[in-house]
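Okay, structure first, notes after.
The values are calculated or read from the model by the stated rules, or taken from the named source; none is laboratory data. Keep in mind that this is a model prediction, so the values were computed, not measured. Virtual Cβ from ideal backbone geometry, glycine too; neighbours counted across all protein chains shown. In case anyone asks, the SASA skips ligands and DNA or RNA and just uses the protein heavy atoms, side chains included. Shrake-Rupley method; radii C 1.70, N 1.55, O 1.52, S 1.80 Å.
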Amino acid sequence: MFELGNATFENYIGQEQGFSEMAYQMVAHVLTLGYAVMLAGLFYFILTIKTVAPKYRTSSVLSVVVMVSAFLLLYAQANNWTDSFVFDAEKGLYFLGADADLFNNGYRYLNWLIDVPMLLFQILFVVTLTKSKFSSIRNQFWFSGAMMIITGYIGQFYEVTDLTAFFVWGAISTAFFFHILFLMNKVIKEGKEGIPEKAQKTLQGIWVLFLVSWFLYPGAYLMPHLIGIEGGFFNESGVVGRQMTYTIADVSSKVIYGILLTQVAQILSKHEGYKEEI
């Protein structure tokens, strides 16, 4: 065996216990599903861009950017998984390859560093702020979004080797996370003023989706310690659970969120007399 240092807990389990065929394949498949959905989302946002008035199209363009980024980096993440673990026919398990690259959730963090500011900016091009200043909200979204991802990225390197550092960096990231929630709630409340009821309901749905999907991320970050990292039945389940949670969160917070924003833009466009371009 070789020293893993600050590697994620997926590598420790892969080295010491190995993954069953079911666990290995479930992770491989859910990662594949993740980038496949992003590719489907890319086509959706391209094909629907002319269904909204020109002033709302920046939101659709940002969705396209998010889909391309997510597809490429989740594709790299999926390949990283299959390249890192090798099947041992004698034991019937997948183990971390001696000469393989370590599995790294950093691909997701790189993706989020690109996507999170874009996702937060998107809504600003659909709603009309009645009290807040556009540039102020935009800059706060950018700063808190980037810092949330950077501090979380640092923290995940310590999830096995230094729990104090892991939780401290996680707590700092969470502080920025709650600031984003505060800002998003303010934006949605202001955006609901004076628009058709159907658009208001869709915006409220976006707020609920935002809360649910974004709270999945800290759950996945803490997964090694929520389920157990030292021995026991739940180790490989923690790996499967984490990757499933991250993928559900990504699909919800990027694809479904973008679709709902498009629906709001379509409602507002129709209300303003826009006729779809052919």
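Structure values in brief
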read-out: Which numbered condition residue 175 misses (of (1) open to solvent by 10 Å² or more (accessible area, probe 1.4 Å); (2) more than 30 Å from residue 54 (Cβ to Cβ); (3) in contact (Cβ under 8 Å) with a residue 24 or more places away in the chain); value: (3)
read-out: Residue 175 vs. criteria closer than 19 Å to residue 125 by Cβ and part of a helix (DSSP H, G or I); value: no
read-out: Test: residue in segment 18-33 that is of a type in the set (Gly, Ala, Ser) and either within 24 Å of the chain's Cα centre (by Cα) or assigned to a helix (DSSP H, G or I) (or both); value: yes
read-out: Subset of segment 122-172 (residues that are in contact (Cβ under 8 Å) with a residue 24 or more places away in the chain and hydroxyl-bearing (Ser, Thr, Tyr)); value: 128, 130, 132, 144, 151, 153, 158, 161
read-out: Residue within segment 191-208 that is open to solvent by less than 60 Å² (accessible area, probe 1.4 Å), without any contact (Cβ under 8 Å) to a residue 60 or more places away in the chain and within 26 Å of residue 80 (Cβ to Cβ) present; value: no
read-out: Any chance residue 236 is touching a strand residue (DSSP E or B) at 6+ places or on another chain (Cβ under 9 Å), at pLDDT below 90 and either assigned to a helix (DSSP H, G or I) or not aromatic (Phe, Trp, Tyr) (or both); value: yes
read-out: Residue list for segment 18-48, restricted to those being surrounded by 14 or more Cβ atoms within 10 Å (Cβ to Cβ) and polar (S, T, N, Q); value: 20, 32, 48
read-out: Residue list for segment 268-278, filter: over 25 Å from residue 116 (Cα atoms) and either outside any helix (DSSP H, G or I) or open to solvent by less than 50 Å² (accessible area, probe 1.4 Å) (or both); value: 269, 272, 273, 274, 275, 276, 277, 278
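Matching residues to (1) among the aromatic types (Phe, Trp, Tyr); (2) out of contact with any Asp or Glu (no Cβ under 8 Å at 6 or more places or on another chain); (3) modelled with pLDDT of 95 or more; (4) more than 15 Å from residue 85 (Cβ to Cβ):
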position	(1), (2), (3), (4)
8	no, no, no, no
15	no, yes, no, no
18	no, no, no, no
28	no, yes, yes, no
31	no, yes, yes, no
36	no, yes, yes, yes
40	no, yes, yes, yes
43	yes, yes, yes, yes
